[in-house]
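Quick notes on the structure that follows.
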Amino acid sequence: QGIFELKYFFNAGISKEDGGEDIASEAVKRLIKQLVQAEDVKHPYSDQKIVELLREKQKIDIARRTVAKYREQLGILPSAQRKQNSRKLLERMTLTQWADTRVDKYSKGMAQRLGIAQALMNDPELVILDEPTDGLDPVGRREVRELLLELKRAGTTVFLNSHLLSEL
C-alpha cells in the first residue's frame, strides 16, 4: 500500500491539467522513441535492452513491461517483429542485396522503394503514398502496383496520390 501511495503522490504532483498522462511518462516515452530511432536496424533493441540503456544513460529505473506498454502506445513493434518485417520488406522491395549499402548511395528508385518499405514497417492499417512510383523503372512500377493490390487484399486502406491516371 505504501508503494501505491508514493506512486500516486508523485503522479498526482506532476500530472497534466487536462487529466492526461503524467509528464514523467511522456518524457520516458520520448526517450524510448529516441532510442528506437537511433538503433542499428540489424540489431534492434529488446525491451530489456531499452530498460538497461535508460538505467545506464538516463538514470531511469523502469520495468520491462512498462517499456513494452509505452512502445506499444507509440506504435513501435517488438524488436523481433521489427527485425522480421525489415527482412521481409527489403526482400519484397528487392533491396536485400543493398541492405549493407549506405542510403545516400541509393539511386532515386532504390530510395523510393526504401521509403515504401519504411511506410509498411509497422504493419499499418492505413498507408498514404505520394507518387509511389516516381523514379522507378517499368518493372519497379509494376512491383509497386502488385504490392498495393496485396495491401488491398490484406485489408489495408491505401490513399494514393499520383499525376499518372494509369496508376489510380
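The values are calculated or read from the model by the stated rules, or taken from the named source; none is laboratory data. The model shown is predicted, which means the values in this text are computed figures rather than measured ones. Quick reminder, even Gly has a Cβ in these numbers, built from the backbone with ideal geometry, and neighbours come from all protein chains shown.
T94 meets each of the listed conditions (1) free of Cβ contacts under 8 Å to residues at least 40 places away in the same chain; (2) over 11 Å from the mean Cα position of the chain (by Cα); (3) surrounded by 12 or more Cβ atoms within 10 Å (Cβ to Cβ); (4) part of a loop (DSSP other than H, G, I, E, B) apart from (1). Residues in the range 97-135 that are closer than 26 Å to L164 by Cα, assigned to a helix (DSSP H, G or I) and either touching an Asp or Glu at 6+ places or on another chain (Cβ under 7 Å) or of a type in the set (A, V, I, L, M) (or both): 9 in all.
To keep it simple, each residue is scored yes or no on (1) free of Cβ contacts under 8 Å to residues at least 40 places away in the same chain; (2) closer than 30 Å to P78 by Cα; (3) in contact with a His (Cβ under 8 Å, 6 or more places away or on another chain).
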{"residue": "G109", "(1), (2), (3)": "yes, yes, no"}
{"residue": "G115", "(1), (2), (3)": "yes, yes, no"}
{"residue": "N122", "(1), (2), (3)": "no, yes, no"}
{"residue": "V127", "(1), (2), (3)": "yes, yes, no"}
{"residue": "D134", "(1), (2), (3)": "yes, no, no"}
{"residue": "P138", "(1), (2), (3)": "yes, no, no"}
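Y45 passes every criterion in (1) in a loop (DSSP other than H, G, I, E, B); (2) at pLDDT below 85; (3) surrounded by 10 or more Cβ atoms within 10 Å (Cβ to Cβ) apart from (2).
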